[in-house]
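*Asks:* One structure is given below, represented as structure tokens, and several questions about it will come after.
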Amino acid sequence: MAQPVLECQKSEGETLDGFPVAPAVFVLLPESINTVLDGAGSRKGKPHHIPNSRQSAGLMNGACMAMDPGILNRYLLLLGYCILPQICAQLCRTPCFCSWIPPRCPPGVPVIVDGCGCCRICARQLGESCDHLYLCDESKELLCDYPTGSNGRGTCNYNYDGSCEYDGKEYKDGEVFQPNCKFQCKCIDGGITCTPLCSENVLIATPECPFPRRVEIPGRCCPEWICDEDQQSPVSNSLGKEREAKGRSQVKPFACAEWSTQWSTCSVSCGVGLSLRVSNRNPLCRLKAQTRLCMVRPCRYSPATEGVTCTPTVHSALRLRYKTDDCISIREFRPTFCGTCPMKHCAPYQTENDLVAFHCRGGLTWKQMMSIISCVCY
């Protein structure tokens, strides 16, 4: 009696009608395959272990004697394409069981289909738990953040790649750019840090130049110091007397016209940074560098999107404490900060200084802190 025209696998490394058989495979075979393999000791609906290709060839040779070659080819394809769905099916219940009561979501929360494609659920929002079934709100660019050892459960967080936006342009994390000729900036984990390219040298007031002034010169990027010779110094006489007085061991502080530069922009675009200026507002009337802490906006602040009215100045609805590397403010504050508008850069316009008490490792410390009155977007 003639054998069926079908070559089954006979040794390791060969193929079964063009389809390779893995040396060791765990699969959940369809019911029709179970029927064919019942004679080999299999039980219907149970996982079958095919330990190696030689035993697979012997097992399949029995199947070849009883099955049409076309049907066998289709089942082999079915086995290959059904491994992944079988694994996914272990995470989702089949058939679907959904509540007959439609979900009632809070205002602004959309209704979506769950991760198994079965039931309608409320999209999980920022900070809420999530998994393969309960999905985050993709319309707000939220993704499920799975920490290490989370056992398949995570927290909805922004799709954050560390990029920065400045003056309508987006920069990648670690990218260095030059917004103008005066500064070079770098995007670091969503915040922008800038360093001045212009010299920060200071021209000290002297009797010959009692009123030095830094001015912008057309055609040049960096400002330069000039001396206003036309102005009469109100302290020239006192300076002369100080020089003429001999035998005095101490020089008394003298009154002078107050002079200060503008406060520099905050060193970071979000969180607590530093701002500096040069001023002679001290008992000795000497030009000294002064620093203050500043915060343009919190780093967790959600920027405005299209269709939302641009608000340059935002008043915080929550109380917070200012934090630096090793200090934290004793009091809680509800600060005013600058918003973020599409295609615009928002910066402080009017500011003042507050003396804030901080608890640091070395004890209690008082620091100057910038307090925003108003902001402007341009």
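Computed from the coordinates by the stated procedures, all read-outs in this text should not be read as laboratory data. Everything numeric in this text was worked out from a predicted model, so none of it was measured. We place every Cβ from the backbone using ideal geometry, glycine too, and count neighbours over all the protein chains shown.
*Asks:* Placing +1 on the Cβ of each Lys and Arg and -1 on the Cβ of each Asp and Glu in the range 99-159, which of CYS105, LEU133, GLY115 has its Cα farthest towards the positive end of the resulting dipole?
*Replies:* The one lying farthest along the dipole's positive direction is CYS105.
*Asks:* Charges only on Cβ, +1 for Lys and Arg, -1 for Asp and Glu: so what's the dipole of the range 99-159 about the Cα centre, in debye to the nearest 20? Walk me through the intermediate numbers first.
*Replies:* Details: 5 positive and 7 negative charges, 40 e Å.
Result for the range 99-159 is approximately 200 debye, rounded to the nearest 20.
*Asks:* At 0.36 nm per residue, and after removing the present C-alpha to C-alpha distance, how many nm does the segment from ASP173 to PHE211 gain when stretched out fully? If you can, show how the numbers build up before the last one.
*Replies:* Working: separation 38, 0.36 × 38 = 13.68 nm, distance 4.37 nm.
Net length gain for the segment: 9.3 nm.
*Asks:* Another question, if that's okay. Provide the FRET efficiency to the nearest 0.05 for the TRP366-LEU203 pair, computing r from the beta carbons and using R0 = 41 Å.
*Replies:* Details: r = 31 Å, r/R0 = 0.75.
Result of the calculation: an efficiency of 0.85.
*Asks:* Quick one: Karplus J couplings for the range 363-375, per residue in order, coefficients 6.51, -1.76, 1.60, θ = phi - 60°, nearest Hz, x for Gly and Pro?
*Replies:* Values per residue, Gly and Pro as x: x, 7, 9, 9, 9, 6, 10, 5, 10, 7, 9, 8, 10 Hz.
*Asks:* Given axes a ≥ b ≥ c from the Cα gyration tensor, I'd like to know whether the range 99-159 is rounded (a/c under 1.5), prolate (a/b larger than b/c) or oblate. Present the calculation step by step, with values, prior to reporting the outcome.
*Replies:* Working: a/c = 2.30, a/b = 1.43, b/c = 1.61.
It is oblate, given that a/c is not under 1.5 and a/b is not larger than b/c.
*Asks:* Take ARG214, ARG220, ARG297 and order them by how many other Cβ atoms sit within 10 Å, fewest up front. Walk me through the intermediate numbers first.
*Replies:* On the way: ARG214 16, ARG220 10, ARG297 23.
Ascending number of Cβ neighbours within 10 Å: ARG220, ARG214, ARG297.
*Asks:* Multiplying the sequence separation of TYR158 and CYS222 by 0.36 nm and subtracting their Cα-Cα distance, what value in nm do you get? Please list the in-between numbers first.
*Replies:* Values: separation 64, 0.36 × 64 = 23.04 nm, distance 3.95 nm.
Difference between extended and current length: 19.1 nm.
*Asks:* Also: Quote to one decimal, in nm, the extra length available between ASN282 and ARG120 on full extension: 0.36 nm per residue of separation minus the C-alpha distance between them. The partial results should precede the final answer.
*Replies:* Details: separation 162, 0.36 × 162 = 58.32 nm, distance 6.74 nm.
This chain segment gains 51.6 nm when fully extended.
*Asks:* Sticking with this one: Run the quick spin-label model on ASN353 and ALA289: label points 7 Å from Cα toward the beta carbon, then report their separation in nm to one decimal.
*Replies:* Taking the simple label geometry, ASN353 and ALA289 are separated by 1.6 nm.
*Asks:* Give me the net charge of THR351's neighbourhood, meaning all other residues with Cβ under 14 Å from the Cβ of THR351; Lys, Arg count +1, Asp, Glu -1.
*Replies:* Local charge sum for THR351: +1.
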